[in-house]
1. From the residues in the stretch A:106-129 that are touching a Cys at 6+ places or on another chain (Cβ under 9 Å) and surrounded by 20 or more Cβ atoms within 10 Å (Cβ to Cβ), which one is farthest from the other protein chains (Cβ to nearest Cβ)?
2. Of (1) of a type outside the set (F, W, Y); (2) surrounded by fewer than 22 Cβ atoms within 10 Å (Cβ to Cβ); (3) touching a Leu at 6+ places or on another chain (Cβ under 7 Å); (4) under 15 Å from B:C13 (Cα atoms), B:A85 satisfies all except one. Which?
3. Taking the condition of a type in the set (D, E) and either touching a strand residue (DSSP E or B) at 6+ places or on another chain (Cβ under 6 Å) or within 9 Å of chain A (Cβ to nearest Cβ) (or both), does B:D50 pass?
4. Check the stretch A:140-155 and report whether any residue there is out of contact with any strand residue (DSSP E or B) (no Cβ under 8 Å at 6 or more places or on another chain) and part of a loop (DSSP other than H, G, I, E, B).
5. Would you check if A:Y103 is within 14 Å of chain B (Cβ to nearest Cβ), touching a Lys or Arg at 6+ places or on another chain (Cβ under 7 Å) and either farther than 23 Å from B:R45 by Cα or not polar (S, T, N, Q) (or both)?
6. Count, please, the residues in the stretch A:54-66 that happen to be more than 11 Å from chain B (Cβ to nearest Cβ) and within 21 Å of A:G20 (Cα to Cα).
7. Answer yes or no: is there a residue in the stretch A:17-36 that is surrounded by fewer than 23 Cβ atoms within 10 Å (Cβ to Cβ), over 13 Å from the mean Cα position of the chain (by Cα) and within 25 Å of B:L49 (Cα to Cα).
8. Just name the residue that is farthest from B:G97 (Cα to Cα) out of those in the stretch B:37-55 that are of a type in the set (A, V, I, L, M) and surrounded by fewer than 20 Cβ atoms within 10 Å (Cβ to Cβ).
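Derivation of every value follows stated rules applied to the coordinates shown; laboratory data play no part. In this text the structure is predicted, and so the values were computed from the model without any measurement. Every residue, glycine among them, receives a Cβ derived from its backbone with ideal geometry; neighbour counts consider all protein chains shown.
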Protein chains: 2
Amino acid sequence: MRVLGIDPGLTRCGVGVVEGVPGRPCKLIAYYVVYTEPDDDIALRLLHLDKSLADLLAEHKPQSVAVERVFSQHNVRTVMGTAQASGVAILAGARLGLPVQTYTPSEVKAAVTGSGTAGKTQVTSMVTRLLNLDAPPRPADAADALALAICHIWRGGTRARIEAAAHAAARNIRGARR
Amino acid sequence: MRVLGIDPGLTRCGVGVVEGVPGRPCKLIAYYVVYTEPDDDIALRLLHLDKSLADLLAEHKPQSVAVERVFSQHNVRTVMGTAQASGVAILAGARLGLPVQTYTPSEVKAAVTGSGTAGKTQVTSMVTRLLNLDAPPRPADAADALALAICHIWRGGTRARIEAAAHAAARNIRGARR
């Protein structure tokens, strides 16, 4: 499964493309940071972000998209821009008919470090190890996007196992009734 | 000038289309509220909003788009959805190459009622009067979108006069130097 992770932001938006299956090491395909100029008009900035994400989705053809969920606890001055960018990011995937899943920062941290309260350095360090990279991805926005993609692949596996178990249980019940 | 105003929201997004020139009564063309289901997936909701706004822009062919600016002072529980919807709304106009202008709620209130702290009832009442309607537009989200469009037409006039004055002044200065 190929997943494109997006760490939404208006000034810097991290994008990470990872391939893998649940419970196995993942493979780095590519990572990017999309920048927009803080002095530019908001319409131009969102348009540039939309175009860049559409280009990267067309280039990498992921099977699904993972986007970080934005919370209002963040920096109040920038949170509105981040939320607008996340709307554009989710829409970019949805418009192509791709499944889009959102994850909270703690879900992502827990998935890659085992702790929902891990710091940025720990997340970057685990992403570097899990993708078997020679050096940490830079800037950190890219590491967060890669962590999102890894989180999606692994949690997708958990979901798939739960669904399979539920189906098996349903089959057993039907079997018992016959 | 034909303006499409958008009062962004995820559950209810108001859209108002108004025609007019600065300093003259405006004419109502149409108004709508785009609804999305709170229980639906965020990706589906943003996709439905995007599609609906694209359809309305294609139908009414406005010369510009006015979108209400979102503030974090709003209800924290819904503000993230509102910001995501505003990102999609701004993008919808920008993608068509239309000028998109954002206005704060106080700018809109001041433009239609003369007071930046006017209540919803007062805004609806002035929109009804300014557009010469028999009854207030319902629901209120539509009235807010119409107020945005009126605000844009009138303030556009102010901007145009200021720019004209500035040009005239520049011409005068150049003239004096010759």
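1. A:V112
2. (2)
3. Here the answer is yes, as B:D50 does meet what is asked.
4. There is no residue in the stretch A:140-155 that is out of contact with any strand residue (DSSP E or B) (no Cβ under 8 Å at 6 or more places or on another chain) and part of a loop (DSSP other than H, G, I, E, B).
5. In short, yes.
6. 9
7. Yes: one or more hits.
8. In this case the residue turns out to be B:L44.
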